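As structure tokens, the structure follows; a few thoughts come after it.
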Amino acid sequence: MKQLPAATVRLLSSSQIITSVVSVVKELLENSLDAGATSIDVKLENYGFDKIEVRDNGEGIKAIDAPVMAVKYYTSKINSHEDLENLTTYGFRGEALGSICCVAEVLITTRTASDNFSTQYVLDGSGHIISQKPSHLGQGKRVAMYLCLSCFVYFKILLLLKCTASGLVLIKPSL
């Protein structure tokens, strides 16, 4: 037996949250709603297999929170397990963006009402910022993710496992 590399562990654990293009969009929509967005735009390229983009007019992400905005298990929604009894949000675990980073190249552009300009962040597979630059977005947040070939293979494997587990037999598993 041998220990799996950290990147493989992150990818496998992401399968609990990110199971399809639909689950990615669901998680990002919930983040937008939790941020008080009244307008949300979703754009998919090649049915979401090349690019998923969600843009909202919510509160945006504070600059002080940016370094951990996509690091797993960092959240602004709860402080302890007691807070779980009074949840008023869709998301609270701090897993969505971190899980998405494991399977895609992620860019987040954000601006709060108190910011003079927006900032675009490029994140690595662990959700850490690898670069940032000023941008022109109005208040709110834009999450753009570019799926890589390994992510496409990952989604195909998940689909195959789901079909097999549910008793379905794929005639042509190369699809």
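Note on ILE78 and ASP124: the model spin-label points, each 7 Å out from Cα along the C-beta direction, lie 2.9 nm apart. The length gained on full extension between LYS133 and GLU105, counted as 0.36 nm times the residue separation minus their Cα-Cα distance, comes to 8.4 nm. Only protein atoms count toward the accessible area here, which uses a 1.4 Å probe; on the range 78-126, the carbon and sulfur part of that area reaches 44 percent.
Going from most exposed to least, what order do ARG111, ARG142, ARG55 have by accessible area with a 1.4 Å probe? Before the final figure, lay out the partial values.
On the way: ARG111 65, ARG142 40, ARG55 95 Å².
I get ARG55, ARG111, ARG142, largest accessible area first.
Provide VAL22, VAL122, VAL54, VAL42 ordered by accessible surface of protein heavy atoms (probe 1.4 Å), highest first.
Values: VAL22 110, VAL122 30, VAL54 5, VAL42 65 Å².
Heavy-atom accessible area, descending, gives VAL22, VAL42, VAL122, VAL54.
Only the Cβ atoms of Lys and Arg (+1) and of Asp and Glu (-1) were treated as charged; on that basis the dipole of the range 83-140 about its Cα centre amounts to roughly 240 debye.
Each residue, ALA63 and TYR90, gets one label point 7 Å from its Cα in the Cβ direction; the gap between the two is 2.9 nm.
The values are calculated or read from the model by the stated rules, or taken from the named source; none is laboratory data. Predicted model, so just to flag it, every value in this text is computed and none were measured. Cβ sites come from the backbone with ideal geometry, for glycine too, and all protein chains shown count toward neighbours. Keep in mind that these areas ignore ligands, DNA and RNA; they rest on the heavy atoms of the full protein, side chains included. Shrake-Rupley method; radii C 1.70, N 1.55, O 1.52, S 1.80 Å.
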